[in-house]
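I have placed the structure first, in the form of structure tokens, so that the comments after it can refer back to it.
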Amino acid sequence: MNKDFDIIIVGGGLAGASLAIALGDSGLRIAVVEAAPFGAPAGFDGRTVALNYGSRRIFAALGLWERIVSLGACPIERIHISDRGRFGFTRLEAASMGVEALGYVVEIGVLGQALQQALRGLANVRLIAPARLQQLTITGESATVTLDAESGAGPLTARLVVGADGTRSAVRAAADIADETTDYRQTAIVANVTPERPHGFTAYERFTSSGPLALLPKIENRMAVVWSARSQDADGLMALSDAEFLRGLQARFGNRLGRLTQLGKRQAHPLALTEAAEHVRPRLALVGNAAHTVHPVAGQGFNLGLRDVAALAEILVDSARAGDDIGTLSVLNEFAAWRQNDDRAVMRFTNGLVRIFSNDFTPLALARGLGLTLVDLAPPLKRALLRRTMGLSGRLPRLARGLTI
Ligand SMILES: Cc1cc2nc3c(=O)[nH]c(=O)nc-3n(C[C@H](O)[C@H](O)[C@H](O)COP(=O)(O)OP(=O)(O)OC[C@H]3O[C@@H](n4cnc5c(N)ncnc54)[C@H](O)[C@@H]3O)c2cc1C
């Protein structure tokens with residue numbers, strides 16, 4: 001078995017699998033090392049993600065969008081943002097941006113299925129799973145990755161290792177790259193419900209003093225609930241009976257869609273903001289949650305990670321075509337510099353929303369009500385907000401403009 005590659009991607013979750021597919025026609029020899037068995041849901045845990053319009057374009061350019069839609073994607077035609085018990089609200093409409101949808105709600109399992117089907121068809125990609133990174137050694141010319149003994153694979157070498165192995169990245173730790181983590185002291189409880197009335201393809205984001213509550217439209221008139229509660233209340237919410245939980249949810253959300261029923265299985269995700277101090281080193285790059293993990297408040301996390309993937313794939317393909325060594329710092333610095341503004345903007349935006357809205361201090365509550373009303377009344381502000389949340393701000397990779405690499 002050949003053990004030398006151009007690129008080893010550690011982590012075959014949403015970001016890692018997308019990167020391997022984006023590099024599918026590049027001629028580069030790629031290994032994807034994934035801790036979970038392939039075919040089993042790897043990093044895919046029954047949750048949903050809201051893919052923004054920019055991510056739809058990337059998946060369309062990769063030839064995956066039709067497959068994702070056929071497996072199940074629900075369009076978001078408008079987003080209703082409000083502050084529970086206060087006067088301000090704003091509505092964001094797809095029609096005002098001339099698009100059919102602001103985003104799409106897709107189950108992570110569905111996305112995983114589409115990605116894994118595509119991965120299997122790629123001649124230049126080797127899947128190594130289940131296998132865990134144990135050690136990473138970087139020398140001038142190459143990187144060596146040692147995997148756990150159970151994987152049966154000996155050490156692998158490559159010109160570049162990409163860490164796509166999530167928030168607690170083993171690649172980041174092995175390279176001794178520090179991270180800065182801020183605990184939000186909030187836990188997202190996710191579950192699916194069915195509203196009595198049709199959801200009308202509207203996503204609801206309600207800010208409450210204990211954290212934001214989102215209800216996202218799914219196919220077959222289901223809705224995905226993301227209830228960010230204070231962490232000290234999360235165990236209690238998880239322990240409630242279904243009927244009690246639904247009563248609490250209804251009290252928070254209100255009666256806009258009639259009675260909420262048919263609660264699915266609940267899952268709890270503690271929330272923190274994590275950023276790696278460096279996103280590249282010689283022979284090393286981090287993408288997705290391994291580089292940055294944000295609060296799910298505006299559904300930005302994977303969308304941001306997918307833009308990393310699209311930018312990195314473009315730079316690597318261009319460098320390889322130019323005959324450059326893809327693992328050198330000069331090539332990788334170009335990627336880090338390109339992504340810095342977008343990364344920071346999304347972190348500031350999501351962090352700001354959590355800080356400003358998870359607060360009952362009266363002047364702040366009045367100011368945010370005013371802020372929401374202002375956004376509602378000022379079309380340029382609204383368009384700027386929409387372009388950011390749709391993933392269409394700043395310098396976009398070719399894939400995010402609907403072009404091939
Ligand atoms: C409640 C909640 C709601 C969210 N909603 C949205 C949303 O609406 N929109 C959005 O864009 N984002 C959303 N996100 C964020 C999104 O889920 C993440 O950004 C995304 O899943 C990160 O993907 P990733 O591939 O970078 O990391 P992961 O999904 O964590 O994948 C990492 C992969 O690496 C593998 N791995 C780990 N360690 C090793 C190792 N040592 N060796 C080999 N493999 C390893 C794992 O098995 C896994 O498959 C939400 C997050 C939460 C918590």
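The values are calculated or read from the model by the stated rules, or taken from the named source; none is laboratory data. Please read these numbers as outputs of a predicted model, since none were measured by experiment. Positions of Cβ are generated from backbone atoms using ideal geometry, with glycine treated the same way; all protein chains shown enter the neighbour counts.
Quick look at the values:
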| quantity | calculated |
| --- | --- |
| Given (1) assigned to a strand (DSSP E or B); (2) within 10 Å of the ligand (Cβ to nearest atom); (3) of a type outside the set (Gly, Ala, Ser), number of the condition residue 302 does not satisfy | (1) |
| Filtered residues of segment 52-61 (kept if within 16 Å of the ligand (Cβ to nearest atom) and either under 15 Å from residue 112 (Cβ atoms) or part of a helix (DSSP H, G or I) (or both)) | 53, 54, 55, 56, 57, 58, 59 |
| Subset of segment 308-328 [in a helix (DSSP H, G or I) and polar (S, T, N, Q)] | 319 |
| Residue ID - modelled with the lowest pLDDT, chosen from residues in segment 43-91 that are of a type in the set (S, T, N, Q) and under 30 Å from residue 356 (Cα atoms) | 90 |
| Those residues of segment 273-311 which are more than 11 Å from the chain's Cα centre (by Cα) and modelled with pLDDT under 95, in sequence order | 297 |
| Residue ranges of strands (runs of 3 or more DSSP E) in segment 163-265 with at least 3 members touching a His at 6+ places or on another chain (Cβ under 9 Å), in contact (Cβ under 8 Å) with a residue 24 or more places away in the chain and more than 16 Å from the ligand (Cβ to nearest atom) | none |
| Segment 299-350 - residue that is polar (S, T, N, Q) and in contact with a Ser or Thr (Cβ under 8 Å, 6 or more places away or on another chain) and, of those, nearest to residue 140 (Cα to Cα) | 303 |
| Any strands (runs of 3 or more DSSP E) falling wholly within segment 87-154 and containing at least 2 residues that are aliphatic (A, V, I, L, M) | 103-107, 125-128, 133-138, 143-147 |
| Enumeration of residues in segment 1-26 that are within 13 Å of the ligand (Cβ to nearest atom) and not in a helix (DSSP H, G or I) | 8, 9, 10, 11, 12, 13 |
| Segment 93-104, subset buried (at least 18 other Cβ atoms within 10 Å of the Cβ) and touching a helix residue (DSSP H, G or I) at 6+ places or on another chain (Cβ under 8 Å), residue farthest from residue 299 (Cα to Cα) | 101 |
| Pairs where the first residue, in segment 278-305, is within 16 Å of residue 316 (Cα to Cα) and the second is within 6 Å of the ligand (Cβ to nearest atom) and in a helix (DSSP H, G or I), C-beta under 7 Å, 6+ apart | 287/15; 287/305 |
| Considering residues of segment 321-345 that are of a type outside the set (Lys, Arg) and either within 13 Å of residue 22 (Cβ to Cβ) or within 16 Å of the ligand (Cβ to nearest atom) (or both) only, the residue nearest to the chain's Cα centre (by Cα) | 343 |
| Meets criteria (surrounded by 21 or more Cβ atoms within 10 Å (Cβ to Cβ), at pLDDT below 90 and in contact with a helix residue (DSSP H, G or I) (Cβ under 8 Å, 6 or more places away or on another chain)) for residue 115 | no |
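Residues checked against (1) touching a Pro at 6+ places or on another chain (Cβ under 7 Å); (2) surrounded by 20 or more Cβ atoms within 10 Å (Cβ to Cβ):
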site	(1), (2)
180	no, no
183	no, no
207	no, yes
212	no, yes
226	yes, yes
229	no, yes
232	no, no
240	no, no
244	no, no
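Yes/no matrix, rows are residues, columns are (1) under 20 Å from the mean Cα position of the chain (by Cα); (2) more than 11 Å from the ligand (Cβ to nearest atom):
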{"position": "100", "(1), (2)": "no, yes"}
{"position": "108", "(1), (2)": "yes, no"}
{"position": "112", "(1), (2)": "yes, no"}
{"position": "134", "(1), (2)": "no, no"}
{"position": "138", "(1), (2)": "no, yes"}
{"position": "148", "(1), (2)": "no, no"}
